[in-house]
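Please read the structure below before turning to the comments.
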Amino acid sequence: MKEKILVLDFGGQYNQLIARRVREHHVYAEIKPYNKVSVDEIKAEGYKGIIFTGGPNSVYESTSPRCDAEILNIGVPILGICYGSQLMAYLAGGEVGSAENSSEYGKTDLEVSENVLFKDIPTKSVCWMSHTDFIKNAPEGFDVIATTAKCPVASMCDSKRNLYGVQFHPEVTHTEYGKQMLYNFLFEVCKCSGDWKMENFVENSIEEYSKKLSGKKVLLALSGGVDSSVAAVLLHKAIGKNLTCVFVDHGLLRKDEGDFVERTFGEQFGMNLIRVNAEDRFLDKLKGVTDPEKKRKIIGEEFIRVFEDEAKKIGKVDVLVQGTIYPDVIESGKGDSAVIKSHHNVGGLPDVISFDEIVEPLRDLFKDEVRETGTKLGIPYELVWRQPFPGPGLAVRIIGEITKEKLDTLREADAIFREEIANAKLEKETNQYFAVLTDLRSVGVMGDARTYGYTVALRAVTTDDFMTAEWTRLPYEALEKASSRITNEVKDITRVVYDITSKPPATVEWE
Ligand code: XMP
């Protein structure tokens, strides 16, 4: 049976982070909503341990998320975090209290006793707290093993049943020894062996799919993004030419991107790759359209039509591959129904082509694991570390009507900006960076002549999850260089501005 840890999700904001931290210790972790899995199912799955996540509720609210108290008695070690520890205390008969002056937020001094959970951790260290409720009295059978100034039970344990609770968040980096605590829980308490390694994942997947898909006709929509690229190479290694990759080039890609994808997958990996050059079809449909939502819709629909035409030529396929990854699958606290990725280039495809089965080889992986897998598979660095690129491509970075000329202008400006970021070795300082062609024209001067051209906006953001983002404080020198090169080298651009808006209130993309 695969060694794994269950992260039981009570709606906390760090549930994915907890699973990732466990996996960083080479132990597979899966997240399940608290109300979607019964104690019997948990028993049957053979988990080595369970982690109760935090959550925004108070255990005494009638609607607060709770699980069956029986879970404490099935012999599987449990670590409760924040709300999870309060719930553990509540289920085991302890007392949880709430008082204004007991809330703690941020870095807090922690004092721990000698306990296996705190092995190799000094008595005094700093932890990260974020709570109002607190455990007033540990349940019978539990020992208090850590305190803070305001928390009489910052951590507790019932060593007979292997139940541990921590009021703080070991998964966030501000908890100085959080990583060690999780390590101790996984290896000292749960006795995990740490067999979740990407090498194993790659090897096992290749073996699994080479058997499972042997002799089948398999189709994959390749976008050139990280996920579909990694899925493609993995399956190519498993089934070779039985995999057909269709790459729809809608003409809205960045400079030289289509050729790069073709070269990498067609030539370097020798894949069965069909590149569909559909620029004219897309531009034709986008003629005169300025509304951002309309643009997106048209591109999404046209994408499906193009793919459909291609699929007709290929005929019936047995299997359709999707680049779904783990964050697409889990929906915090809501249920773990499999979501077909709503990415423009695969969303809707199942409706238009006929196939017997969908295969999602990356559905257990987080993004960083997908990248690691890609590296292990020998996919070029530029591709594995590619910044996100929106499905509708440059269409959402050209304000107003899209024309071939504008696309070419933007491609040049964007390429220069990216080049300058690379020259200044800033790629790792920012998570996404690109140029936007505004439809604002302004006056400039070149030589002795008056010019009148477009304004380009440069955008660079720093973010973990793209839900919120800060504008990146790029050094002036790099911005200056990019601006000077863009205005000198790109015809029709007279002005360059830098976008200093965070998200919210702005979005990352301009449209
Ligand atoms: P926003 O503009 O919503 O962007 O702040 C957040 C992240 O999502 C990307 N993005 C898209 N990706 N199809 C995609 O596949 C889309 O339609 C799309 N729109 C935005 C954006 O580049 C950023 O990384």
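The numbers here are math on the coordinates, done by the rules we state, and not lab data. What you are looking at is a predicted structure, and each value in this text was computed from that prediction instead of being measured. Backbone-built Cβ (ideal geometry, glycine too); neighbour counts: all protein chains shown.
So, counting K/R as plus one and D/E as minus one, what does the shell of residues with Cβ under 12 Å around Ser483 add up to? Could the numbers behind the result be given before it?
Details: positive: Lys481, Arg485, Arg495; negative: Glu420, Glu477, Glu480, Glu489.
My count for the surroundings of Ser483 gives -1.
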* If you count, for each residue, the other Cβ atoms within 10 Å and average over each peptide, how do 153-163, 371-381 line up from highest to lowest? -> 153-163, 371-381
* Asked: Between Tyr381 and Val497, what is the spin-label point distance in nm, taking each point 7 Å from the Cα along the Cα→C-beta axis?
  -> 3.6
* Leading residue at positive end of dipole, region 4-189 (Cβ point charges), from Leu72, Gly11, Leu182 -> Leu182
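Take each of the peptides 191-197, 268-274, 5-11, average the number of other beta-carbon atoms within 10 Å over its residues, and list them starting from the highest.
By packing density, highest mean first, the sequence is 5-11, 268-274, 191-197.
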* To do: Ratio to report: Rg/Rh of region 198-384, with Cα atoms as the point set and Rh obtained by the Kirkwood method; give two decimals.
  => 0.96
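Looking only at the chain, where both bridge partners belong to it, what percent of the DSSP beta bridges are antiparallel (to the nearest 5)?
Values: 37 of 76 bridges.
Here the share of antiparallel DSSP bridges comes out near 50 percent.
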* Structure fact -> Magnitude of the Cβ-charge dipole (Lys and Arg +1, Asp and Glu -1) of the chain about the Cα centre, nearest 20 debye, reported as 680
* Calculated FRET efficiency for the pair Lys316/Glu203, C-beta based, R₀ 35 Å, to 0.05 -> 0.65
* **Centre separation in Å (Cα based) which lies between region 446-511 and region 57-109** => 48
* To do: Measure off 7 Å from each Cα along the Cα-to-Cβ vector at Ser62 and Ser98, then give the distance between these two points in nanometres to one decimal.
  => 1.5
* Structure fact -> If N is the residue count of the chain, its Cα Rg over 2.2 N^0.38 Å rounds to 1.12
* Structure fact -> In deg cm²/dmol, rounded to the nearest 500, the helical mean residue ellipticity at 222 nm of the chain, built from -39500 (n - 2.57) for every DSSP H run of length 4 or more, is -9000 deg cm²/dmol
* Asked: How do Ser130, Ser62, Ser484 rank when sorted from fewest to most other Cβ atoms within 10 Å of their own Cβ?
  -> Ser62, Ser484, Ser130
* Structure fact -> By the DSSP-based rule, helices of the chain that are at least 15 Å long along the axis (C-alpha) and have a mean Kyte score of at least 0.0 are 226-239
* Taking the radius of gyration and the Kirkwood hydrodynamic radius from Cα positions alone, what is the Rg/Rh ratio for region 397-498, to two decimal places? -> 0.99
* Residues in region 399-425, backbone N under 20 Å from the label point at Asn488 (7 Å along the Cα-to-beta-carbon vector): list them, ranges by number please. => 409-425
* **Contour excess over end-to-end distance, with Cα ends at Glu401 and Glu470 and 0.36 nm allotted per residue** => 22.0 nm
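Can you give the charge dipole size of region 198-384 about its Cα centre, rounded to the nearest 20 debye, using +1 on the beta carbon of Lys and Arg and -1 on the beta carbon of Asp and Glu?
For region 198-384, the charge dipole is close to 420 debye.
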* To the nearest Å, what is the center-to-center distance of region 116-135 and region 415-433, using C-alpha atoms only? -> 39
